[in-house]
Amino acid sequence: EARQRCTMTDIPTLGRPHEMPAIRNSDDLCMRWRALMGPLGFGRPRLWIAFLEPDNMMGAQLTQIEDIPRTADSKMCDSLLEMCRHVVGPNGASGSVAMLLTRPGRNPMDDADRSWARCLTSAADHLGVSMWPLHFANDVELRVFAADDLVPKG
């Protein structure tokens, strides 16, 4: 099955936030994450949070949540999205949020990774937070969590 990946040999050039183009779609967001991350390789699991203005310009502030548990915790997801709602307002009134889950290793996306995508997406839906599709990166790839990644297996 085809999966959107933005693993490219050339890392996109990263300019100042106000000089970068607006994020129009998931491909644009994937490319922006790729530029922000630089060469792939991560020492520990992290969740990266970026806020986009109503015109879809990404803000200069990039928040990192360090040493996250391997599997998502619903209380943590709810707390994070509650904080995001304070920034972007309900239903995208003041913008939207984009998140990237990163972890070390070359192993492909797994159920623990998918638990984060499901948990964060569910919390965003429940709290009325406008959120872009979650992205994932390990030491060899950066890609979007596809719709079928959010469906629990088994």
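The values are calculated or read from the model by the stated rules, or taken from the named source; none is laboratory data. Treat the numbers as computed from the prediction; the structure is a model and nothing was measured. Virtual Cβ from ideal backbone geometry, glycine too; neighbours counted across all protein chains shown. Ligands, DNA and RNA are excluded from the accessible area calculation, which covers all protein heavy atoms including side chains. Shrake-Rupley method; radii C 1.70, N 1.55, O 1.52, S 1.80 Å.
The apolar share of the surface of the chain, taken as the fraction of accessible area on carbon and sulfur atoms (1.4 Å probe, ligands and nucleic acids excluded), comes to 51 percent. The mean accessible area for residues of region 33-154, using a 1.4 Å probe and ignoring ligands and nucleic acids, is 45 Å² per residue. Would you mind checking region 127-146 for residues with the amide N under 18 Å from a putative spin-label position 7 Å along Cα→C-beta of N25? Within reach of a label on N25, which here means backbone N under 18 Å from a point 7 Å along Cα→Cβ, region 127-146 contributes 132-135, 143-146. Across the chain, Cα pairs under 8 Å and at least six residues apart give a relative contact order of 28 percent. For D125, the accessible surface of its heavy atoms amounts to roughly 110 Å² (probe 1.4 Å, protein chains only, rounded to the nearest 10). Taking amide H as placed 1.01 Å from N in the peptide plane, G59 has its amide H under 5 Å from the amide H of F51, L52, E53, each at least 5 places away in sequence or on another chain.
Only one residue of L127, P152, N56 has its Cα farthest out toward the positive end of the dipole of the chain, where Lys and Arg carry +1 and Asp and Glu -1 on Cβ, and that residue is P152.
Extension gain, R70-T13: 0.36 nm per intervening residue step, less the Cα-Cα distance, totals 17.4 nm. W48 sits among other residues whose Cβ lies under 15 Å from its own Cβ, and their net charge, with Lys and Arg +1 and Asp and Glu -1, is +3. For region 26-43, putting each phi into the Karplus relation 6.51 cos²θ - 1.76 cosθ + 1.60 with θ = phi - 60° gives couplings of 5, 5, 4, 5, 4, 5, 5, 4, 4, 5, 5, 7, x, x, 6, x, 10, x Hz, in residue order, rounded to whole numbers and with x for Gly and Pro. Overall, the chain carries a charge dipole of about 200 debye about its Cα centre when +1 sits on the Cβ of Lys and Arg and -1 on the Cβ of Asp and Glu, all other atoms neutral.
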